[in-house]
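The values are calculated or read from the model by the stated rules, or taken from the named source; none is laboratory data. From a predicted model like this one, the values you see are computed outputs, not experimental measurements. When we count neighbours, we look across all protein chains shown, and the Cβ atoms used for this are built from the backbone with ideal geometry, even at glycine. Quick note on the areas: whole protein, heavy atoms, side chains included, nothing else; ligands and nucleic acids left out. Shrake-Rupley method; radii C 1.70, N 1.55, O 1.52, S 1.80 Å.
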Amino acid sequence: MTEYEPNTHVYDLVGVGIGPFNLSLAALADGAPELRTLFLDAKPAFSWHPGLLMEGTTLQVPFLADLVTMVDPTSPWSYLNYLRHHDRMFPFFFSERFHIPRREYDAYCRWVSEGLASCRFDAHVEELGWDEQREVFVVTHRAADGAPTRVLAHQVVLGVGTNPVVPEPLRPLLAQGAHTGRVLHSADYRTHRARLAARDDVTVIGAGQSGAEVALDLLRHQDGDGAGGPYVRWLARTSAFAPMEYSKIGLEHFTPDYIRYFRALPEARREQLVGEQWQLYKGVSEETLGELHDELYERTIGGAAPRAALHPGVAVVAVEAAGDEYVLTCRHTQQDALFEIRTSAIVSATGYAASRPAFLDGVGALVDWDDKGRYRIDGDYRVALDPRVSGRLYVQNAELHTHGVGAPDLTLGAWRAATILNAVAGRTVLRVPERAAWTTFGAPDLRSTPATGAGDTDLPGGITAAARP
């Protein structure tokens, strides 16, 4: 590629996408002024899951898991400094919150993005290429009403987020404009909230936090006596509407220690674990489940039947439009029994998944994809590339298959960003802990423990094992 001036300055790092994870990296890089960084996003301004910013919803992680605090609590871009800047420190203190409103987290991130000179919005990245002659990446982006602009970078980090996932039976209806506002992913719930609340019957699919919040919000649109508002039906493939794992020891799965353990496992075992550990990252907070129960309890005072139904262990196998209704063919997974449901609207709260962005086509042949078309990612979150590429490509929140359940969790966001920043700078910009968990994941490493006798090796926690010959 030669469509740029030969003396064009080369950035040390260009980030594509400005969600919480790349914004964390941008905020931490602000403390390393020797690095020239640029972060690009197509949106006109920062926004984080706007379709789910309902009143009363909170983050599922404590406020300390902001963009910077877990690795640099002295950063000016902390949530506490945001509160101070907006004269909200005393109200926050008196509210005694540990889990902050989701709407305020969105406002905090927007404040950070507006304060960082490295963040540029209205910059849709169209192509990423590799200039072998100059040994730089070429990032082509365009404003909504402008000509393409090209910037050069030694290193690039992808933080493009994830895309909504919907069950296969719903995809044809979602692709048809005639069903807009009646069949949708929960990512668009707030946009269509009022129209859904006016429907006679709404079915929510998905057992996670989003599904629970949508079902709860629709229940709250019913009249006090339950007579008005939609009938609310909540379906889930899981065998139960289960709470998210939130024990103090269980949460140690969201530490660098577990990531190192998980990365060392065989691929087949990693795939199995991700499926088994769904409650670590796909469950529902106990508070939300309690609020759902309380809403249903209130509506049955006096003997009335609740205008709601909860169906776990149910898979949707087919959907068809029937006039102003939809007919869902469902299968109970444990009984292997088929049944039909008629409803006037469907909200698919079925999560998100990483996908390959179109702008990667220019370097797609240079990426060492695994046999399932996913990135191969090392411990520094660097993507494996063709040896001819001297530049480095990093990725955030696309490593569930290589790093485990902490990939989408905000708890590890600042730690991962610091890990990438240190790799980009080639030095320790921010110190990251060697050990963060009490739990020892996997068998103890006997080789690193000094022997105390001729035949035994003492291990942490009073474990004793025979010394190796």
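Restricting to the stretch 4-61, count the residues that are aromatic (F, W, Y), at pLDDT 90 or above and not in a strand (DSSP E or B).
The total comes to 3.
Can you report the number of residues in the stretch 93-112 which are out of contact with any Asp or Glu (no Cβ under 9 Å at 6 or more places or on another chain), more than 19 Å from A414 (Cβ to Cβ) and not in a loop (DSSP other than H, G, I, E, B)?
Residues in the stretch 93-112 being out of contact with any Asp or Glu (no Cβ under 9 Å at 6 or more places or on another chain), more than 19 Å from A414 (Cβ to Cβ) and not in a loop (DSSP other than H, G, I, E, B): 3 in total.
Picking from L328, L280, L273, L292, which residue would you name as being in a helix (DSSP H, G or I), open to solvent by less than 40 Å² (accessible area, probe 1.4 Å) and at pLDDT 95 or above?
L292
Tell me, yes or no, whether the stretch 295-311 has at least one residue that is open to solvent by 30 Å² or more (accessible area, probe 1.4 Å), at pLDDT below 95, acidic (D, E) and under 21 Å from R237 (Cβ atoms).
Taking every residue of the stretch 295-311 in turn, none turns out to be open to solvent by 30 Å² or more (accessible area, probe 1.4 Å), at pLDDT below 95, acidic (D, E) and under 21 Å from R237 (Cβ atoms).
Within the stretch 79-87, does at least one residue satisfy the condition of being under 27 Å from T37 (Cα atoms) and in contact (Cβ under 8 Å) with a residue 60 or more places away in the chain?
no
If I filter the stretch 113-161 down to residues being assigned to a loop (DSSP other than H, G, I, E, B), under 23 Å from the mean Cα position of the chain (by Cα) and not small (G, A, S), which single residue comes out as farthest from P50 (Cα to Cα)?
L116
Given the condition within 20 Å of E325 (Cβ to Cβ), of a type outside the set (S, T, N, Q), part of a helix (DSSP H, G or I) and open to solvent by 60 Å² or more (accessible area, probe 1.4 Å), answer yes or no: does some residue in the stretch 162-172 qualify?
Looking through the stretch 162-172, at least one residue is within 20 Å of E325 (Cβ to Cβ), of a type outside the set (S, T, N, Q), part of a helix (DSSP H, G or I) and open to solvent by 60 Å² or more (accessible area, probe 1.4 Å).
For the stretch 108-142, give me each residue that is over 30 Å from D386 (Cβ atoms), open to solvent by 30 Å² or more (accessible area, probe 1.4 Å) and either of a type in the set (A, V, I, L, M, F, W, C) or free of Cβ contacts under 8 Å to residues at least 24 places away in the same chain (or both).
W111, A117, F121
Quick test for you: out of E245, E267, E252, pick the one residue that is open to solvent by less than 20 Å² (accessible area, probe 1.4 Å) and of a type in the set (D, E, K, R).
So the residue among E245, E267, E252 that is open to solvent by less than 20 Å² (accessible area, probe 1.4 Å) and of a type in the set (D, E, K, R) is E252.
So, in the stretch 233-250, exactly how many residues are among the aliphatic types (A, V, I, L, M), part of a strand (DSSP E or B) and either free of Cβ contacts under 8 Å to residues at least 60 places away in the same chain or touching a Lys or Arg at 6+ places or on another chain (Cβ under 6 Å) (or both)?
Residues in the stretch 233-250 being among the aliphatic types (A, V, I, L, M), part of a strand (DSSP E or B) and either free of Cβ contacts under 8 Å to residues at least 60 places away in the same chain or touching a Lys or Arg at 6+ places or on another chain (Cβ under 6 Å) (or both): 0 in total.
Looking at A437, A465, A451, A414, which one is at pLDDT 95 or above and either touching an Asp or Glu at 6+ places or on another chain (Cβ under 8 Å) or surrounded by 12 or more Cβ atoms within 10 Å (Cβ to Cβ) (or both)?
Sole residue among the options that is at pLDDT 95 or above and either touching an Asp or Glu at 6+ places or on another chain (Cβ under 8 Å) or surrounded by 12 or more Cβ atoms within 10 Å (Cβ to Cβ) (or both): A414.
Being under 30 Å from R190 (Cα atoms) and free of Cβ contacts under 8 Å to residues at least 24 places away in the same chain narrows it down to one of A407, A443, A384, so name that one.
Of A407, A443, A384, the one residue that is under 30 Å from R190 (Cα atoms) and free of Cβ contacts under 8 Å to residues at least 24 places away in the same chain is A407.
Go through (1) in contact (Cβ under 8 Å) with a residue 40 or more places away in the chain; (2) open to solvent by 20 Å² or more (accessible area, probe 1.4 Å) for V363 and report which single condition fails.
Against the list (1) in contact (Cβ under 8 Å) with a residue 40 or more places away in the chain; (2) open to solvent by 20 Å² or more (accessible area, probe 1.4 Å), V363 comes up short only on (2).
Anything in the stretch 382-408 that is closer than 21 Å to T69 by Cα, open to solvent by 10 Å² or more (accessible area, probe 1.4 Å) and at pLDDT 95 or above? List them, or say none.
N397 - this is the single residue of the stretch 382-408 that is closer than 21 Å to T69 by Cα, open to solvent by 10 Å² or more (accessible area, probe 1.4 Å) and at pLDDT 95 or above.
Quick one: F39 ticks every box in (1) within 21 Å of T140 (Cα to Cα); (2) more than 21 Å from the chain's Cα centre (by Cα); (3) open to solvent by less than 30 Å² (accessible area, probe 1.4 Å); (4) not hydroxyl-bearing (S, T, Y) bar one, so which box is it?
Only one criterion in (1) within 21 Å of T140 (Cα to Cα); (2) more than 21 Å from the chain's Cα centre (by Cα); (3) open to solvent by less than 30 Å² (accessible area, probe 1.4 Å); (4) not hydroxyl-bearing (S, T, Y) is unmet by F39, namely (2).
Which ones in the stretch 325-349 are of a type in the set (G, A, S) and either within 22 Å of the chain's Cα centre (by Cα) or over 22 Å from P312 (Cβ atoms) (or both)?
Hits for the stretch 325-349 are S344, S348, A349.
What are the residues in the stretch 144-161 that are touching a residue at least 40 places away in the same chain (Cβ under 8 Å), surrounded by fewer than 22 Cβ atoms within 10 Å (Cβ to Cβ) and among the β-branched types (V, I, T), if any?
V151
Mind checking whether some residue in the stretch 303-311 is free of Cβ contacts under 8 Å to residues at least 24 places away in the same chain, in a loop (DSSP other than H, G, I, E, B) and closer than 26 Å to L196 by Cα?
Within the stretch 303-311, one or more residues are free of Cβ contacts under 8 Å to residues at least 24 places away in the same chain, in a loop (DSSP other than H, G, I, E, B) and closer than 26 Å to L196 by Cα.
Given the conditions (1) open to solvent by 60 Å² or more (accessible area, probe 1.4 Å); (2) over 24 Å from the mean Cα position of the chain (by Cα); (3) not small (G, A, S), report the number of the one that Y352 does not fulfil.
Unmet condition: (2).
Looking at the stretch 339-349, is at least one residue touching a residue at least 12 places away in the same chain (Cβ under 8 Å), under 19 Å from V166 (Cα atoms), surrounded by 16 or more Cβ atoms within 10 Å (Cβ to Cβ) and in contact with an Asp or Glu (Cβ under 6 Å, 6 or more places away or on another chain)?
Yes; the residues of the stretch 339-349 include at least one that is touching a residue at least 12 places away in the same chain (Cβ under 8 Å), under 19 Å from V166 (Cα atoms), surrounded by 16 or more Cβ atoms within 10 Å (Cβ to Cβ) and in contact with an Asp or Glu (Cβ under 6 Å, 6 or more places away or on another chain).
Among the residues of the stretch 71-92, which ones are in a loop (DSSP other than H, G, I, E, B) and open to solvent by less than 50 Å² (accessible area, probe 1.4 Å)?
Those that are in a loop (DSSP other than H, G, I, E, B) and open to solvent by less than 50 Å² (accessible area, probe 1.4 Å): V71, D72, S75, W77, S78.
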